[in-house]
Amino acid sequence: MLLLPRNTVSVTNVPGRNTREVTMSEVVRASLSIDSDLMSRFDQLIERSGLGNRSEVMRDLIRGRLMDEAWDSGEDGAVATVTLIYDHERRRLTRQMEDIGHAHHSEVMSSLHIHLDHHSCLEVIVLRGEPKNLRQIANHLMGLKGVLHGQAVFCRVPTNEDRR
Ligand code: NI
């Protein structure tokens, strides 16, 4: 792995190395092209976090993304919190956030606003509804111009089956 050029990521599943992979029927080796700066930042993240090697982390990312997709296609009730940090001076952004809130009033349960300092605001918005809709609203909010940092956390509302 270390002999690969820095701009190449190798994704290899080796049965037996990790108990989760013992049952895998076939091993494939894949490579992808990636910006060298991005790769170097990814390597630093792996190093700092002690998450494992590139392949393990890539597999976890892929599994996570696939789980997200499965979650999106469900129709069960879900909740989400969307955390936004933005510049207080961006008045237009505040207005846009308000418009989104009114457009999705049945999904927006609550919001919390904290003035972090003279310039920055923190807003946490709590959503409830169908997973697909929540993802869409969250992406819309996080994608607004002027949002410096956006993060969404999604949870399924537990059903009776979950409580058994
Ligand atoms: Ni504020």
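The values are calculated or read from the model by the stated rules, or taken from the named source; none is laboratory data. The shown structure was predicted, so the numbers you read here are calculated from the model rather than taken from an experiment. Glycine also receives a Cβ, built like all others from the backbone with ideal geometry; neighbour counts cover every protein chain displayed.
Scanning the range 121-164 for residues that are surrounded by 15 or more Cβ atoms within 10 Å (Cβ to Cβ) and acidic (D, E), we see that the one that is farthest from L93 (Cα to Cα) is E130. Within the range 121-151, the only residue that satisfies the criterion of being of a type in the set (S, T, N, Q) and in a strand (DSSP E or B) is Q151.
The set of residues in the range 105-115 that are near the ligand (Cβ under 10 Å from one of its atoms) and surrounded by 14 or more Cβ atoms within 10 Å (Cβ to Cβ) is empty. Name every residue in the range 16-40 that is surrounded by 10 or more Cβ atoms within 10 Å (Cβ to Cβ) and either touching a His at 6+ places or on another chain (Cβ under 6 Å) or modelled with pLDDT under 80 (or both), in order of residue number. Selection gives R17, N18, R20, E21, M24. Using the structure shown, decide if R59 is surrounded by 11 or more Cβ atoms within 10 Å (Cβ to Cβ), outside the structural domain of P131 (by TED's automatic domain parsing) and modelled with pLDDT under 85. Against the criterion (surrounded by 11 or more Cβ atoms within 10 Å (Cβ to Cβ), outside the structural domain of P131 (by TED's automatic domain parsing) and modelled with pLDDT under 85), R59 does not qualify. Restricting R48, R91 to those that are within 16 Å of the ligand (Cβ to nearest atom), exposed (fewer than 15 other Cβ atoms within 10 Å of the Cβ) and basic (K, R) reduces the list to R91.
Residue-level check: of (1) surrounded by fewer than 11 Cβ atoms within 10 Å (Cβ to Cβ); (2) within 14 Å of the ligand (Cβ to nearest atom); (3) part of a strand (DSSP E or B), H118 misses just (3).
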